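To start, the structure itself, in structure tokens.
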């Protein structure tokens, strides 16, 4: 039986590969976002822990103004780091959005070629079915002609005898 050959199979493979690359980019960007979120969460936890420590241990009895000034500088430093991390996360989110848009476009391009392949396969199946039907009609016609010829030969033989 005939075998379907898609002329653009190489293009389909290339588009699938491109889509996989885009998926990797999205995953890498999402991984960067998770890492940034972890860092921000750790900063928040450190801040909460130090605040609890100051409230429980440093605000009792004699107050050390030098320590409070140092703590205030520490809080400002953590806040700056948090702000920087939030800005970094915004950039990473833009990167994720761009990678997702690229992935959507790559998937769309792959689907276009797959749809073309499906249409060509359906046309090929229809053509094969049409050829098979024509061949079967031809065989049927030949068999009918052979039967008619055999029947005439039998009649001719019977009339001769």
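Flag set for residue 18, criterion: surrounded by 10 or more Cβ atoms within 10 Å (Cβ to Cβ) and under 22 Å from the mean Cα position of the chain (by Cα). Has the range 67-75 got at least one residue that is farther than 30 Å from residue 127 by Cβ, within 40 Å of the chain's Cα centre (by Cα) and touching a residue at least 24 places away in the same chain (Cβ under 8 Å)? Within the range 67-75 (the criterion being farther than 30 Å from residue 127 by Cβ, within 40 Å of the chain's Cα centre (by Cα) and touching a residue at least 24 places away in the same chain (Cβ under 8 Å)), the answer is no, since none of the residues qualifies.
Condition check ((1) in a loop (DSSP other than H, G, I, E, B); (2) modelled with pLDDT under 90) across all residues:
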| position | (1), (2) |
| --- | --- |
| 16 | no, no |
| 33 | no, no |
| 46 | no, no |
| 63 | yes, yes |
| 66 | no, yes |
| 85 | no, no |
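If you go through the range 59-84 and pick out every residue that is under 17 Å from residue 37 (Cβ atoms) and surrounded by 15 or more Cβ atoms within 10 Å (Cβ to Cβ), you end up with 3. Going residue by residue through the range 145-161, is there one that turns out to be outside any helix (DSSP H, G or I), at pLDDT below 95 and either within 43 Å of the chain's Cα centre (by Cα) or more than 30 Å from residue 35 (Cβ to Cβ) (or both)? Yes: the range 145-161 contains one or more residues that are outside any helix (DSSP H, G or I), at pLDDT below 95 and either within 43 Å of the chain's Cα centre (by Cα) or more than 30 Å from residue 35 (Cβ to Cβ) (or both). For the range 82-105, a residue qualifies if it is farther than 24 Å from residue 21 by Cα and in contact with a helix residue (DSSP H, G or I) (Cβ under 6 Å, 6 or more places away or on another chain), and the qualifying residues are 82, 85.
Only one entry in 51, 40, 91 is more than 30 Å from residue 7 (Cβ to Cβ), over 42 Å from the mean Cα position of the chain (by Cα) and surrounded by 11 or more Cβ atoms within 10 Å (Cβ to Cβ), namely 51. Only one entry in 32, 100, 119, 115 is in contact (Cβ under 8 Å) with a residue 12 or more places away in the chain, within 27 Å of residue 10 (Cα to Cα) and either under 24 Å from the mean Cα position of the chain (by Cα) or surrounded by 13 or more Cβ atoms within 10 Å (Cβ to Cβ) (or both), namely 100.
The values are calculated or read from the model by the stated rules, or taken from the named source; none is laboratory data. Because the structure is predicted, anything quoted here is derived from the model rather than measured. Neighbour counts are summed over all protein chains in view; Cβ atoms, including those assigned to glycine, are modelled from backbone coordinates with ideal geometry.
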